[in-house]
Amino acid sequence: MRPTRSDSGEDAPSAAWELLLPAASAPARTRGRSLQAALREAVRSGRLAPGTRLPSSRDLAADLGVSRGLVTETYEQLTAEGYLRSGRGAGTWVGAAVRAGRPAARDLAPRSPGAVADFVPGTPDLALFPRAAWAAAQRAVLADLPHRELGYPDPRGLPRLRTALAELLARRRGVVADPERIVVVSGVAQATALLGFALHARGLRAVGVEDPGSPQHDALYASAGVFAVPLPLDGEGVSLEPLRASGVRAVVTTPAHQFPTGIACSARRRTELLDWARSVDGIVLEDDYDGDFRYDRAPVGALQGLDPDHVAYTGSVSKSLAPGLRLGWLLVPESWTEEVVERKRTMDLGHPALDQAVFARFLERGDYDRQLRRCQRAYRERRDALVAALDARFPGAEVSGIAAGLHVIATLPRRYGPEERFLARTAEAGVAVRPLSAYAHGRAGPEAAGEVRLVLGYAQVPPARIAEGVRLMALAANG
C-alpha cells in the first residue's frame, strides 16, 4: 500500500492500513461490517490522525482484495457518522470531530494497595467464598428456572427467596418475618437509601445516627434529602436524652454489635428505644450488619422482634459471603411497605432474578448455614490471634467491645501517641489501620486527649499475617 499524505504534508503511516487486513479476510456476509468497525477504530484510536487523506476507493479495494463497492459503502457510512469527511473531487479525509485515544478504565474499588497487613475494618475473607457450592446452585437454577422467571421480577424480590429469607431471619435472628414485607435489595446501602426516600416522603428531614458510627450514613441519607443528626453513645447504646432533645423521629442503630465501638445495646436501652419510637410515632432503623457473628455466646436476637411495627430491619450477605454479590434484605413495618416497594420499583425495577434464585436455593439446601458456621470458626480464630498479638506486642493495650463481628477496638497506652504520629509510622511500615476518630461525626476525636484508639478488622487477615502485621506495627510505634 503506497502511503498518502495529510493536510500537513506528512505521510500517513502505512501500518494504519494493516489494521484493515483482518477485516478484509472476514466472511463475505460480515466483511462490510468488519471493515467499517476496523476503520472506525483506526480513527478513534488515533492510528489515523485527523486530516489524514485516505486512498481512493479503487486503490484501497485493490490493496485489500475486496470489491470497490464495499470500500465505497464503508466510506459513505463513516462519513455519515462523522469519522470521515469528503468533498466532490477532493477525496476522503479523516474528520476532526473524533478525539483520539480511549480512556483507560480505572478501578475505584476500596482497597489498601501494597499493605503488608490490612486491618481496615469492614471486609470479610473473600477466600472463604463457597465457590463450589455457589456454582452448583447456579447450574441447578439455570437448568430448572422457568423462562418466565427471567422477566421483570416482583420489586420486593422472588417469592421463593423472600420465603426462604423469612424462615432464616426468624430462626437465626428472632425476627418477625412476613415474606410480604421483605424487600430484596442491593445491600444495606440501598436499604438505607430506600428508607431515606420513605422518610422524606413522610415529611421527615432528619434522622439520628450513632456517633461514632458508619461514615456512609450521612451521604446515603443526604442523597434522599434527609440530613443525619449525630447522637452520642453511652455504655448501653444510643443516649436517650440527646435522642429526645434532637427532635428526630427516626434513628439508625446497630444494637447487636455497635459499629464501630463494639458494644451491645442493653436490654434496658432496647426497651427505652422502642418506648421512644412509640411516643413520637417514629421508627428505629436496625442495621444488623454482623448479627450472626458472636463468639462467646449465642447472638442476641434482633430488636425488630420486639416491635415489628416500629422497627425496620436490614442485613446482607456482605460479611458472610461477599460484598460484591450486592445482596441484602429490608424488612419494613406494614404501614411502610407500599411506599418502600414503589420506590424500589422506580429505582431499578427489582433485583436481578437469576441472582435471587441462586441465593434462594443456597438457603433452602442449608448451604448458607454451613457457610456461616465456616466463617464463625475462621473469624473467632482470627480474633483470638489478634488479641493475643496485641497483648504480646503492646503491653497495657486494652481490647474493648463484645466478642463478636469482624473488628475490635484497641486502645493503646499513651506512650504510643500522639495518634497522628502513630498512624504515619504505621503506614510507612506497610500496615493499614483505621483510627476510631475516623468514624466520629464532626466531633473532636480521642486523639485530642493523646490516646491512640484503633478499629482493627481481622476477618480478611490470616492468623500468621495478623501476627506479622502487629509485629511491624509495634516496631514502627517504638521506632
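The values are calculated or read from the model by the stated rules, or taken from the named source; none is laboratory data. From a predicted model like this one, the values you see are computed outputs, not experimental measurements. Glycine also receives a Cβ, built like all others from the backbone with ideal geometry; neighbour counts cover every protein chain displayed. Please note that ligands, DNA and RNA were not included when accessible areas were found on the heavy atoms of the full protein model with its side chains. Shrake-Rupley method; radii C 1.70, N 1.55, O 1.52, S 1.80 Å.
From the list G208, G196, G174, exactly one residue is over 24 Å from the mean Cα position of the chain (by Cα) and over 19 Å from A360 (Cα atoms). Which is it?
Details: G208 fails: over 24 Å from the mean Cα position of the chain (by Cα); G196 fails: over 24 Å from the mean Cα position of the chain (by Cα).
The match here is G174.
Is it true that D154 is over 29 Å from R382 (Cα atoms), acidic (D, E) and buried (at least 17 other Cβ atoms within 10 Å of the Cβ)? Answer is yes for this residue.
Note on segment 116-134: residues that are open to solvent by less than 30 Å² (accessible area, probe 1.4 Å) and of a type in the set (A, V, I, L, M) total 3. Restricting the first residue to segment 41-57 and requiring it to be under 15 Å from G95 (Cβ atoms), which pairs with a second residue that is surrounded by fewer than 19 Cβ atoms within 10 Å (Cβ to Cβ) and of a type in the set (D, E, K, R) meet a Cβ separation below 6 Å and a spacing of at least six or different chains? Close Cβ pairs satisfying both conditions: G51/D7.
The single condition among (1) open to solvent by 30 Å² or more (accessible area, probe 1.4 Å); (2) in a helix (DSSP H, G or I); (3) of a type in the set (A, V, I, L, M, F, W, C) that L161 does not meet is (1). Looking across segment 168-185, the residues that are over 15 Å from A312 (Cβ atoms), in contact (Cβ under 8 Å) with a residue 40 or more places away in the chain and open to solvent by 30 Å² or more (accessible area, probe 1.4 Å) come down to R172, G174. Restricting the search to segment 342-391, which residues are β-branched (V, I, T) and crowded, with 20+ Cβ neighbours inside 10 Å? V358 - this is the single residue of segment 342-391 that is β-branched (V, I, T) and crowded, with 20+ Cβ neighbours inside 10 Å. Within segment 381-430, the set of residues being of a type in the set (D, E, K, R) and either within 16 Å of G469 (Cβ to Cβ) or under 26 Å from the mean Cα position of the chain (by Cα) (or both) comprises E381, R382, R383, D384, D391, R393, R425, E428. For beta carbons closer than 6 Å, sequence separation of 6+ or different chains, a first residue in segment 108-132 that is farther than 21 Å from S316 by Cα and a second that is modelled with pLDDT under 85, the qualifying pairs are D118/S112. Just one residue in the set L220, L243, L231 is in a helix (DSSP H, G or I), buried (at least 19 other Cβ atoms within 10 Å of the Cβ) and modelled with pLDDT of 95 or more; that residue is L243.
For every residue, the table says whether it meets (1) free of Cβ contacts under 8 Å to residues at least 24 places away in the same chain; (2) more than 27 Å from L454 (Cα to Cα); (3) touching an Asp or Glu at 6+ places or on another chain (Cβ under 9 Å); (4) open to solvent by less than 50 Å² (accessible area, probe 1.4 Å).
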{"residue": "A189", "(1), (2), (3), (4)": "no, no, no, yes"}
{"residue": "H200", "(1), (2), (3), (4)": "no, yes, no, no"}
{"residue": "S279", "(1), (2), (3), (4)": "yes, yes, no, no"}
{"residue": "Q304", "(1), (2), (3), (4)": "no, yes, yes, yes"}
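Can you name the number of the only condition in (1) open to solvent by less than 10 Å² (accessible area, probe 1.4 Å); (2) among the hydrophobic types (A, V, I, L, M, F, W, C); (3) assigned to a helix (DSSP H, G or I); (4) touching a Ser or Thr at 6+ places or on another chain (Cβ under 7 Å) that A476 fails? Exception for A476: condition (1). Using the structure shown, decide if G315 is outside any loop (DSSP other than H, G, I, E, B), of a type outside the set (S, T, N, Q) and buried (at least 22 other Cβ atoms within 10 Å of the Cβ). Yes, satisfied.
Only one of the listed residues (G208, G225) is of a type outside the set (S, T, N, Q), without any contact (Cβ under 8 Å) to a residue 60 or more places away in the chain and either surrounded by fewer than 17 Cβ atoms within 10 Å (Cβ to Cβ) or assigned to a helix (DSSP H, G or I) (or both). That residue is G225. Looking across A61, A42, A37, one residue alone is open to solvent by 40 Å² or more (accessible area, probe 1.4 Å) and aliphatic (A, V, I, L, M). It is A37. Selection over segment 329-341 of residues that are within 15 Å of R162 (Cβ to Cβ) and either open to solvent by less than 10 Å² (accessible area, probe 1.4 Å) or within 19 Å of the chain's Cα centre (by Cα) (or both) gives a count of 5. Only a single criterion out of (1) within 18 Å of R453 (Cβ to Cβ); (2) touching an Asp or Glu at 6+ places or on another chain (Cβ under 8 Å); (3) modelled with pLDDT of 95 or more is not satisfied by Q376, namely (1).
Among the candidates V251, V300, single out the residue that is at negative phi, at pLDDT 95 or above and not in a helix (DSSP H, G or I). Before you say what the answer is, go through the steps one by one.
Values: V300 fails: at pLDDT 95 or above.
Result of the check over V251, V300: V251.
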